[in-house]
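Heads up, the thing below is written out as structure tokens.
Laboratory data are not the source of any read-out in this text; all were calculated from the coordinates shown. Bear in mind the structure is a predicted one, so any value in this text is a computation, not a measurement. Reconstructed Cβ throughout: ideal geometry from the backbone, glycine too, with neighbour counts over all protein chains shown.
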Amino acid sequence: MNSSIIEHLRSAGRLDRAFIDGEWVVPQGQARACVIDPSTEEPVAEIALGTAQDVDAAVAAARRAFATWSVSSVQSRALLLDRVHTLILERAELFAQAISQEMGSAIGVARSTQVPSAAQHIRVARDNLASYPFLTHRGDMAILREAIGVCGLITPWNWPLYQITAKVGPALAAGCTVVLKPSELSPLSALLFAEVAQDAGIPPGVFNLVNGSGPEVGAALAEHPDVDMISITGSTRAGVLVAQAAAPTVKRVAQELGGKSPNLILPDADLSRAVPAGVAAAFRNVGQSCSAPTRMIVPREHLQEVERIALEAASSIVVGDPRSQQTTHGPVANRAQFNRVQEMIGIGITEGARLICGGPGRPDLLSAGRQTHLRVIS
């Protein structure tokens, strides 16, 4: 097990802290949560969880900072985002190790996809900021686009850093200040990102981080009267709760929730190209993506050929230790996800689907960890 990332965060005093108003502070509650390595099912760290009182402190800091950050120059905000982008790339290996350990991403995927894609969000936000028309003229009228205000950002465990930068980058570019609640299941990369924000020189209060549960910290953010916008990526159930909590204060709500995406293959498609690409997309991030095309809809007359090609494509995938360079797919990220996958395989078989690859339980030779069979059901 690579413990360098844990040692880094522990020695820096990050695991038992929230990041509020530019300082690493001890949360006001006593609750703790274990970070579980899904490949071993063993705890690797313990983090401090925040409370509604910590949310109040973070929102107050963000509100104070908004007064100056929202009217700062485009050039100054772009320069800070450029520093954030540079630091993410400089610390890419730390981020990759954190993501692999906290949610089981194969280290090669973490290095080639999870971290670079996350950095790109910051770069694109910076580039868009440079050309965004905050002030436009229409006839004798001037139209000024202003920052919304304090944004509460709730991010998931499946693409931990990627989802953080997808929300934080545009918010900071627009002149908003933020309070981030990452998933308590994958908090390590979020703590590293807070370090990046601090080291990049983001002013105190502009970026704040409070770890915690959805019912405690997430709900407090969603219902807070001084939060002007809440953004959540997560389950439909969580999205409903956030929208309900946000409604009394009529704040803006942005949601990216679970999906079931179809992959439609037309009769004239080149199956040798379309089917492997579809299988690869379905299993990207071990299938833990809301955009994964999990249903392949094909002409009935091509079904046998599609099954053969899909089986070949799935058989080429290497499931195993996420820290191995040879592994293409590590474990699913947590016990609840593992159980959900097992349940859905069972439902498919019960309802008459024909399993042509994999099946319930762990793959052969993997007696520990949350690796689940890659499965193709026809």
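Taking all pairs of distinct Cα atoms, average 1/r, flip it, and tell me the Kirkwood hydrodynamic radius of the chain in Å to one decimal place.
Value: 21.9 Å, from the Cα pair sum.
Could you check what % of the DSSP bridge pairs in the chain are antiparallel, to the nearest 5?
Looking only at bridges with both residues in the chain, the antiparallel portion is about 45 percent.
Cut-off 10 angstrom, C-alpha nodes, Gaussian network model of the chain. Which of Ser100, Ser117, Ser73 fluctuates the most?
The residue with the greatest mean-square fluctuation here is Ser73.
Compute the length gained on full extension between Gln75 and Glu46: take 0.36 nm times their separation in residues and subtract their Cα-Cα distance, giving the result in nm to one decimal.
Difference between extended and current length: 6.5 nm.
Give me the orientation-averaged projected area of the Cα convex hull of region 262-377, in nm², one decimal.
So the Cα hull casts an average projection of 7.4 nm².
Can you find, among Asn208, Ala48, Ile122, the residue farthest towards the positive end of the dipole of region 4-256? Put +1 on the C-beta of Lys and Arg, -1 on that of Asp and Glu.
Checked the options; the winner is Ile122.
Could you list the trypsin sites (Lys or Arg not before Pro) in region 200-288 that lie in coil according to DSSP, counting only those with at most 10 other Cβ atoms within 10 Å of their Cβ?
Lys260
Out of all DSSP beta bridges with both ends in region 106-213, state the antiparallel percent to the nearest 5.
Counting only bridges with both partners in region 106-213, antiparallel ones make up about 35 percent.
Can you give me the distance in nm between label points at Leu257 and Ser272, each placed 7 Å from the Cα along the Cα-to-Cβ direction?
4.3 nm
Could you give the distance between the Cα centres of region 179-236 and region 46-73, to the whole Å?
One Cα centre to the other: 9 Å.
Under a 5 Å amide H to amide H cut-off, with H placed in plane at 1.01 Å, what residues pair with Cys357 once short-range neighbours are removed?
So Cys357 has HN proximity to Val376.
Would you mind checking which residues have amide H under 5 Å from Glu256's amide H? H placed 1.01 Å from N; only 5 or more apart, or other chain.
Distant-sequence amide H within range of Glu256: Ile232, Thr233, Gly234.
Pop out the ³J(HN,Hα) list for region 74-87 in order, Karplus 6.51 cos²θ - 1.76 cosθ + 1.60 with θ = phi - 60°, rounded to Hz; leave Gly and Pro as x.
4, 5, 5, 5, 5, 5, 5, 5, 4, 5, 4, 4, 4, 5
Can you tell me which of Val124, Val279, Val298 moves the most in a GNM of the chain? Springs connect C-alpha atoms under 10 Å apart.
Val298
Can you tell which of Val109, Val275, Val332 shows the greatest fluctuation in a Gaussian network model of the chain with Cα springs below 10 Å?
Val275
Output ³J(HN,Hα) for region 344-360: one whole-Hz value per residue in order, computed from phi by the Karplus curve 6.51 cos²θ - 1.76 cosθ + 1.60 with θ = phi - 60°, and x for Gly and Pro.
Once θ is set to phi - 60°, the couplings for region 344-360 become 5, 4, x, 5, x, 5, 4, 7, x, 5, 10, 7, 10, 7, x, x, x Hz.
Based solely on its DSSP helices, what 222 nm [θ] is calculated for the chain when runs of n ≥ 4 H residues each add -39,500 (n - 2.57) and the sum is averaged over all residues, nearest 500 deg cm²/dmol?
-13000 deg cm²/dmol
Under a crude label model (7 Å from the Cα following the beta-carbon direction), how far is Gln326 from Glu146 in nanometres?
6.1 nm
May I have the extent of the alpha carbons of region 2-105 along their three principal axes, as whole Å values ordered from largest to smallest?
The Cα atoms of region 2-105 stretch 48, 34, 22 Å along their principal axes.
What share of Cα pairs, in percent, lie more than 23 angstrom apart in region 69-215?
Result for the distance tail: 34 percent.
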